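Step one of this worksheet: look at the structure below.
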Amino acid sequence: MVVNLVCAWLLRDDHAHHHDHSHSHDHGEDRGHARDNSDNNLRAAYLHVLADALTSILAIVALLLGSFNGWLWADSIMGIVGNLVIARWSWGLIRDAGGVLLDTVPDGENLPSEIREAIERNDATITDLHVWQIGPGHHAAIVAIVSPEPREPSHYKARLSHIHALSHVTVEVEPHRTLV
């Protein structure tokens with residue numbers, strides 16, 4: 001238990017930003033945490049050692065309750081409590097890791113809007129935009145553009161250079177053709 005608590009303490013800096021309980025989501029569901037671009041592997045390690053410590057503490061409490069009060073059922077109750085807490089932590093981790101696998105943009109980020117504002121001016125229209133997370137704080141984007149007077153992809157990439165979360169950008173440019 002002590003080793004797990006020390007490990008959790010060492011990993012806490014990588015996980016500390018997940019304790020903002022004030023964030024709610026646009027769809028009305030308050031999931032309890034603000035999600036950012038943190039590394040899910042470090043978060044999983046933190047939750048793992050924290051879960052190990054929690055189960056040890058709950059087992060000790062159950063043993064003390066059973067020993068001093070004769071409550072033989074305390075072990076079962078503590079097991080259920082531990083399972084519920086760990087299931088809640090696990091669900092959050094599964095949801096966030098799944099979001100990375102499905103190329104979702106984390107909550108609170110408006111990268112697609114920022115990209116559209118930077119590119120779509122009088123001379124260009126985005127026809128296809130795909131943004132995904134490639135690492136903590138790093139995103140990639142594929143931007144398909146049509147323009148009546150197309151310019152080199154480097155021109156459009158320069159328009160995006162102020163968006164620091166974009167680490168890799170692919171730009172496809174096509175001329176806008178009117179039908180005769």
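Some values worked out for this structure:
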| quantity | calculated |
| --- | --- |
| Scope segment 91-143; condition of a type in the set (Gly, Ala, Ser) and loosely packed, with under 15 Cβ neighbours inside 10 Å; matching residues | 97, 98, 108, 113, 135, 137 |
| Residue among 103, 14 that alone is in contact with a strand residue (DSSP E or B) (Cβ under 8 Å, 6 or more places away or on another chain) and either outside any helix (DSSP H, G or I) or at pLDDT below 85 (or both) | 103 |
| Check on residue 108, in a helix (DSSP H, G or I) and modelled with pLDDT under 85 | no |
| Filter result for residue 128 (in the same structural domain as residue 170 (by TED's automatic domain parsing), of a type in the set (Asp, Glu) and over 11 Å from the mean Cα position of the chain (by Cα)) | yes |
| Residue in segment 159-175 that is basic (Lys, Arg) and crowded, with 16+ Cβ neighbours inside 10 Å present | yes |
| Residue 86 being among the hydrophobic types (A, V, I, L, M, F, W, C), surrounded by 15 or more Cβ atoms within 10 Å (Cβ to Cβ) and free of Cβ contacts under 8 Å to residues at least 40 places away in the same chain | yes |
| Residue, farthest from residue 116 (Cα to Cα), within segment 131-164, restricted to residues that are under 18 Å from the mean Cα position of the chain (by Cα) and not small (Gly, Ala, Ser) | 136 |
| Failed condition for residue 156, given (1) free of Cβ contacts under 8 Å to residues at least 24 places away in the same chain; (2) of a type outside the set (Gly, Ala, Ser); (3) not assigned by TED's automatic domain parsing to the domain that holds residue 46 | (1) |
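The values are calculated or read from the model by the stated rules, or taken from the named source; none is laboratory data. Computed from a predicted structure; not experimentally measured. Don't worry about glycine lacking a Cβ; one is built from the backbone with ideal geometry, like all the others, and counts go over all protein chains shown.
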